[in-house]
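The values are calculated or read from the model by the stated rules, or taken from the named source; none is laboratory data. All of these numbers come straight from a predicted model, not from anything done at the bench. Positions of Cβ are generated from backbone atoms using ideal geometry, with glycine treated the same way; all protein chains shown enter the neighbour counts.
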Amino acid sequence: MANTESSTSQLTIAETVISSRFWLGSSDYPSPDIMGAAFAAANPGFVTVSLRRQTAGQVKHNDYRHRIEEWLASSRAKLLPNTAGATSAKEAIHLAVLARELFNTQWIKLEVIGDDYSLQPDVFELVAAAKELQQQGFSVLPYCTDDLGVCEKLLSLGCPAVMPLAAPIGTGKGLLNPYQFQTLRSSLKEAVIVIDAGIGRPSQAMQAMELGADAVLLNTAVAKSNDPVAMASAFASAIEAGRRAYLAGVIPERDRAVPSTPNAGLPFWHQSAP
Amino acid sequence: MTQAVIVGAGLMGRLLAWRLSKSGVKVSVYDASREDASLSAAWTAAAMIAPISEKPLCHPDVFQLGLRSLQLWPQLLAELQRDTGQSVRYLRRGTLVVAHPSDAAELTLFKNKVCDAELPGESYAVALDQEGIAKKEPQLSTSFDRGFWLPDEAQVDNRTLLSALSSAAEQYGAEFHYSAPVQFDGDRHLYRRDDSELTADIVIDCRGAGMVSRAHYPEQYPEQHPEKDRSTQSIEGIRGIRGETIWVACPEIEIHRPVRLLHPRYHLYLVPRGEGKYQLGATELETNDRSPVSVRSAMEMLSAFWALAPEFSEARILSMETNLRPATQDHRPVIIDDIHDNGRIVVNGLFRHGFLLAPALLEKLTLGALSGLMSLPKRSSTGPRRVYETGY
């Protein structure tokens, strides 16, 4: 499916064309103006919004949200509400239903965390919530661990993509287990795999894309940088470059030097050979 | 005699009332809230004058204006004392910035954003180790092993200040009308009170979050919203950002200066308010909702008290308060000079920086748009414009 698409920018998820492989969060920007400019520089496929700590009335009477929606209306990006803050399937389902009513979208980034401090996914509650929400007609994009069994289970429930973490949320450590990610990529060839959380710098996003991630979702690395607009643009370039490299086919690593220019024919080449 | 109407008796409204009445203008101030229950963000604020602490979070212009305010506050308070005989507590002991060891990255982020090329020298922020922190604030939790001391920052007793400002203005003949909401007719650029037009040589609109168009009125809290109909009162892009704070009494502990606790998700501060009282805040939630403090916010703020110093576990909770900060889309304050076309000036968008910005904005206004108030204004064909556009 999506990962075999040759496009460097767009991909298809749940029969919907997503315009970009860079997905961006909407929290923690210095101001709405800077957020808008960062979105414009990123040209994101999805913009995520959190319902955490909001009552329905607060979301409705919220000029910041209106601003995001206005921006989305003028772009090709889609809104992706998330269930951040939920610690049980029940809570996550409640937030997802609330999000569908408020934002009129079937997309949901499903996030069920074990506790507020580590922010690591609770995969048991996650799978239970994913099952229920898929049955209710949502397009569930679950934030999960990089465990193959968990990803397979979520895909078998009908989730149109899985979103394993690169590293814990906000750590900026990049892909902590590239070996495991490659296992996911080679085992789940047809699946859409999005790297979500733990990306701190553009080179880390690029690495994930080179290894075959279909998209990268991040927030803090852009919003809390000294210049969010410039950083959004840097990530956009890195993600596109990583995708191009993946499609072009990266050469395998070797343990010994292999000259790119043949030595034969150079003076004394036979004397310097090892 | 020149007549001015000021709409909104918050910090900016009262400062202007004092300055204008003192310079011979006949001033009337209207405010929607009751005299003893101000809805002004300035009443709820912790009133820190902390440009360096705020630098990682604020627009560079706000930082520059804040540095100017830091210079202006002492002379402003001295003048106020001469006028009223009342002294307003001004705490100039700097700010302590700490983070839990597990959030040490926040201190690095803070350092990157504060100690950059624009701020040469170490004087703005002094790095402290565990011992250095304990020397400044011996009763703070010993778990903080790194931090910064920002020696120049200050904090003002906002509630005494607000009442001193209105007394001073009244001495010079200003009249204050409370429980007196004013409607703005956006089509005709008129301000009305009880269906009659307010006439004056100039109207200065300092309504803060009272200007927000999409206000949220949970029906169960009617007392939070005395002014219901604000449909045509907005200027574009002003929104309210909810903030919640908690006051406690804890005479057993002595913390001498504001302490900022850096955290990936919250901007928390603890401010000593004198007589064993402390204020901790503040949440920052994107909603125009004035309803009382939520359980979650209360829990988070109370746990921050405990984390800052375990002695706070026996503190007594005095009050929990909510208010709205008026913010623009770029989080810079806005001054709109519409004197020539409609005889009004709008000052708004002071966001979380009211006390940081007000003296510098007052100076801009008195030297700029308001300087000609006693003489005839020059005609201009430019129409209303945002006059505050660039740095100080």
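Just to check your reading of the model, which residue among B:179, B:167 is at pLDDT 85 or above, of a type in the set (Ser, Thr, Tyr) and part of a loop (DSSP other than H, G, I, E, B)?
The match here is B:179.
Screening residue B:85 with (1) under 16 Å from the mean Cα position of the chain (by Cα); (2) closer than 19 Å to residue B:156 by Cα gives one miss only, at (1).
For residue B:344, the requirement of being within 14 Å of chain A (Cβ to nearest Cβ) and either touching a helix residue (DSSP H, G or I) at 6+ places or on another chain (Cβ under 8 Å) or under 30 Å from residue B:13 (Cα atoms) (or both) is not met.
If you check residue A:167 against the conditions, is it in contact with a Leu (Cβ under 7 Å, 6 or more places away or on another chain), over 30 Å from residue B:242 (Cβ atoms), crowded, with 17+ Cβ neighbours inside 10 Å and modelled with pLDDT under 95? Against the criterion (in contact with a Leu (Cβ under 7 Å, 6 or more places away or on another chain), over 30 Å from residue B:242 (Cβ atoms), crowded, with 17+ Cβ neighbours inside 10 Å and modelled with pLDDT under 95), residue A:167 qualifies. Name the single residue, out of those in the range A:138-158 being part of a loop (DSSP other than H, G, I, E, B) and either under 15 Å from the mean Cα position of the chain (by Cα) or on the phi > 0 side of the Ramachandran plot (or both), that is surrounded by the most Cβ atoms within 10 Å (Cβ to Cβ). If we take residues in the range A:138-158 being part of a loop (DSSP other than H, G, I, E, B) and either under 15 Å from the mean Cα position of the chain (by Cα) or on the phi > 0 side of the Ramachandran plot (or both), then A:146 is surrounded by the most Cβ atoms within 10 Å (Cβ to Cβ). Can you spot a residue in the range B:323-333 that is of a type in the set (Val, Ile, Thr) and at pLDDT below 95? Yes, the range B:323-333 contains at least one residue that is of a type in the set (Val, Ile, Thr) and at pLDDT below 95.
Here B:146, B:192 are screened, and the one residue that is basic (Lys, Arg) and either more than 30 Å from residue A:227 (Cβ to Cβ) or in the same structural domain as residue B:26 (by TED's automatic domain parsing) (or both) is B:192.
Please specify each residue of the range A:186-218 satisfying the condition of being surrounded by fewer than 21 Cβ atoms within 10 Å (Cβ to Cβ) and within 14 Å of chain B (Cβ to nearest Cβ). Of everything in the range A:186-218, those that are surrounded by fewer than 21 Cβ atoms within 10 Å (Cβ to Cβ) and within 14 Å of chain B (Cβ to nearest Cβ) turn out to be A:200, A:201. For the range B:369-376, the criterion of a residue being modelled with pLDDT under 95, small (Gly, Ala, Ser) and outside any loop (DSSP other than H, G, I, E, B) is satisfied by no position. Please determine, by comparing only the residues of the range A:69-109 that are within 14 Å of chain B (Cβ to nearest Cβ) and assigned to a loop (DSSP other than H, G, I, E, B), which one is nearest to the chain's Cα centre (by Cα). Restricting to residues being within 14 Å of chain B (Cβ to nearest Cβ) and assigned to a loop (DSSP other than H, G, I, E, B), the top hit is A:84.
Criterion first (among the aromatic types (Phe, Trp, Tyr), touching a Leu at 6+ places or on another chain (Cβ under 8 Å) and not in a loop (DSSP other than H, G, I, E, B)) does residue A:179 satisfy it?
Answer is no for this residue.
Only one of B:285, B:280, B:262 is under 16 Å from residue B:50 (Cα atoms), within 14 Å of chain A (Cβ to nearest Cβ) and not β-branched (Val, Ile, Thr). Can you tell me which? Exactly one residue qualifies, and that residue is B:262. Find all pairs meeting these conditions: Cβ atoms under 9 angstrom apart; at least six residues apart or on different chains; first residue within the range A:45-68 and at the interface with chain B (Cβ under 7 Å from one of its Cβ atoms); second residue surrounded by fewer than 17 Cβ atoms within 10 Å (Cβ to Cβ) and modelled with pLDDT of 80 or more. Matching pairs, first to second residue: A:53/B:296. Output the number of residues of the range A:187-214 satisfying the condition of being out of contact with any helix residue (DSSP H, G or I) (no Cβ under 8 Å at 6 or more places or on another chain) and closer than 17 Å to residue A:245 by Cβ. Total meeting the criteria: 1. Taking only the range B:288-301 into account, find how many residues are at the interface with chain A (Cβ under 7 Å from one of its Cβ atoms) and in contact (Cβ under 8 Å) with a residue 24 or more places away in the chain. Qualifying residue count for the region: 2.
Quick check: is even one residue across the range A:110-124 closer than 27 Å to residue A:17 by Cβ and part of a helix (DSSP H, G or I)?
Scanning the range A:110-124, I find no residue that is closer than 27 Å to residue A:17 by Cβ and part of a helix (DSSP H, G or I), so the answer is no.
Among the residues making up the range B:76-119, those that are charged (D, E, K, R), within 14 Å of chain A (Cβ to nearest Cβ) and either closer than 25 Å to residue B:360 by Cα or surrounded by fewer than 19 Cβ atoms within 10 Å (Cβ to Cβ) (or both) are B:103, B:111, B:113, B:116, B:118.
Only one entry of A:111, A:91, A:132 meets the criterion of being of a type in the set (D, E, K, R), out of contact with any Ser or Thr (no Cβ under 7 Å at 6 or more places or on another chain) and under 25 Å from residue A:167 (Cβ atoms), and that entry is A:91.
Could you tell me which residue of the range B:316-337 is farthest from the chain's Cα centre (by Cα), considering only residues that are closer than 23 Å to residue B:60 by Cβ, within 12 Å of chain A (Cβ to nearest Cβ) and part of a strand (DSSP E or B)? In this case the residue turns out to be B:327.
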